[in-house]
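Structure record follows, encoded as structure tokens.
What follows is calculated from the coordinates using simple rules that are stated; it is not laboratory data. Note that the coordinates shown come from a computational prediction; the quantities given were computed from them, not determined experimentally. Please note: Cβ atoms are built from the backbone with ideal geometry, for glycine as well, and neighbour counts cover all protein chains shown.
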Ligand code: 3PG
């Protein structure tokens, strides 16, 4: 049995060691394809893999066609918009994620981006503080919950909107539930995005919505670039010189944002949210364990293509 770890953006070495230990203890073989630059390399490496561990690596019909022996693909992380789920089902491949395993890392980065933005990108001028500001958490899943926990330590007042999360869950975490995205954006000084990229959410963060934010509004994106309507956000930021946008997922129009909004726009060169040793260990080892549990016990608890 061969388990391939295919990561264009590699895990920390300590996480790979942990994955290897789980895989070899089960009597399987581990293969590594790291920092690949060409899809052809992935197509070649998956040929004889029975199981595949990925991060944001794209697994589409072509990859699944090439992976003749593949039974399971695990996205070591939360968002699985990089896997063609229909194609996986058609190829009789089980697709899973590892929810919650990297959420603290992403949440810490979201707060880091907030501090950076309210301190004017560390340019030496006087900024503002997060204490006492209203934070709107857009989607209250694993990352959103961690953001609330940390933001409360900063003395922020937390609000959240999540159509799929009951009020009680938010109230238990001392977070005020609101019942529409419009209400959230109107109320909050800072918005932190934690929605997945789905047909419903793509391009949904638009001019009308962000335009509701009060003066000095800060939008923080550690979710997906696809949820932003980039042209509309640019138009809004041109109209409103008070709005700032900081993101861990470089927009398609990065060059335009950079030129037009110097000092109130920042994008990490590569998505860094889950890029910690701890998150890599948690998500990578969870993925390896889920694969072993699937082969040994048929456990499909984290399957996402049912
Ligand atoms: C996730 O969905 O888990 C995060 O976006 C992290 O993605 P990464 O593994 O590519 O860093």
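Structural remarks
- Odd one out for residue 143, checked against (1) within 16 Å of residue 112 (Cβ to Cβ); (2) surrounded by 23 or more Cβ atoms within 10 Å (Cβ to Cβ); (3) in contact with a strand residue (DSSP E or B) (Cβ under 7 Å, 6 or more places away or on another chain): (3)
- The set of residues in segment 95-133 being part of a helix (DSSP H, G or I) and within 11 Å of the ligand (Cβ to nearest atom) consists of 103, 105, 106, 109.
- In segment 54-71 there is no residue matching the filter, namely being away from the ligand (no atom under 16 Å from the Cβ), under 20 Å from residue 282 (Cα atoms) and touching a helix residue (DSSP H, G or I) at 6+ places or on another chain (Cβ under 8 Å).
- Residue within segment 34-41 that is in contact (Cβ under 8 Å) with a residue 24 or more places away in the chain, in a strand (DSSP E or B) and within 16 Å of the ligand (Cβ to nearest atom) present: yes
- Close pairs from segment 157-170: first farther than 16 Å from residue 143 by Cα, partner buried (at least 22 other Cβ atoms within 10 Å of the Cβ), Cβ under 8 Å, at least 6 apart: 157/135
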